[in-house]
Structure formats: C-alpha cells, structure tokens
Amino acid sequence: MKISNSVFICFILFVTPMVSYGQNTESHILDGTEVEYTYPDEGTVVVTFYDGLVKFNWIAGPFSGASGSDFIYRARQIAEGEFFVNWHESSTQDFVNLLINFNTGKVYGSALLRYATENESIIFDAAEIQRADRP
C-alpha cells in the first residue's frame, strides 16, 4: 500500500502544476490581427485582437449591432496558420471558442451564450473568412 500511496502523491504533485499552468496561460500571439467572417445563419462578425484583449462587432445578420470589447483572450498556435482561441465574457455569461484556420479560410466557432440562465444557447458552426489582416 505504501507504494500506491507514493505513486498517487507523485501523480498529484506532477499533475496539479500542469493543470494550473494550462488554466492561466494567456498568449498574445494574435495581437494586431483582425478577422471578418460569416456564419451561414448567424451573420458576419469582425473580431480584433489587441494588447492581449479581443473585441468583436457583428456587422450583419440576426446579431447585427451586438459588440463587446476588452476581453482577455488565450490563443494557441496548433499548426502553421491555424489557431485555437477562447475568451470569457463574464458580464454576459458567454464563453467563446474559435478555431481559426487562415490556410483554409475557415473559422469554427463554439460558444456557450448566457450560460446558467433561462436564455442559455449554444453556437456550434463553421464560417467563411471574408477578410484577414495580420501583422
């Protein structure tokens, strides 16, 4: 039993820092990038990354006029020209994930909107990049 307890303790000591590191990692690798993309049913949105923050503005479709800014984003480069991004909008209870592929001109979005409320909804869709400005 002493061996299994030791293994368990080593496992916890090894995994806990990794989980903490992954939760707190913020990267600004997309700063200076602006992407305009269109979902078939949700419309067109412009997303801008700056100073470790993100802002968005829906310019067409059912969400037209909706916007938000100054949300801390996290990004990870998955492959050349491909990025996984997320941010949390605590004031509106929205959590957004994007897979941006500049090579194929696609954005895959998954968002939990108004979570833990009666108006909770999910977006899970693919969009076409209309414009991408990158440094």
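Is it true that some residue in segment 93-116 is loosely packed, with under 11 Cβ neighbours inside 10 Å and in contact (Cβ under 8 Å) with a residue 60 or more places away in the chain? Taking every residue of segment 93-116 in turn, none turns out to be loosely packed, with under 11 Cβ neighbours inside 10 Å and in contact (Cβ under 8 Å) with a residue 60 or more places away in the chain. The residues of segment 42-65 that are of a type in the set (A, V, I, L, M, F, W, C) and either within 12 Å of His28 (Cα to Cα) or modelled with pLDDT of 95 or more (or both), listed by number, are Val45, Val46, Val47, Phe49, Leu53, Val54, Phe56, Trp58, Ile59, Ala60.
Is there a residue being among the aromatic types (Phe, Trp, Tyr) and under 9 Å from the mean Cα position of the chain (by Cα) anywhere in segment 94-104? Full working, then the answer.
From segment 94-104, those among the aromatic types (Phe, Trp, Tyr) are 95, 102; that's our starting set.
Subset that is under 9 Å from the mean Cα position of the chain (by Cα): 95.
Yes, segment 94-104 has at least one match.
Every listed requirement among (1) among the aliphatic types (A, V, I, L, M); (2) open to solvent by 60 Å² or more (accessible area, probe 1.4 Å); (3) over 17 Å from Thr33 (Cα atoms) is met by Ile78 save one, (3).
Confirm whether Asp31 is at pLDDT 95 or above, of a type in the set (D, E, K, R), open to solvent by 50 Å² or more (accessible area, probe 1.4 Å) and under 22 Å from Val107 (Cβ atoms). No, not satisfied.
The values are calculated or read from the model by the stated rules, or taken from the named source; none is laboratory data. In this text, all values refer to a predicted model and were calculated from it rather than measured experimentally. No Cβ is skipped: glycine too gets one built from the backbone with ideal geometry, and neighbour counts run over all protein chains shown. Note: areas computed on protein heavy atoms with side chains; ligands, DNA, RNA excluded. Shrake-Rupley method; radii C 1.70, N 1.55, O 1.52, S 1.80 Å.
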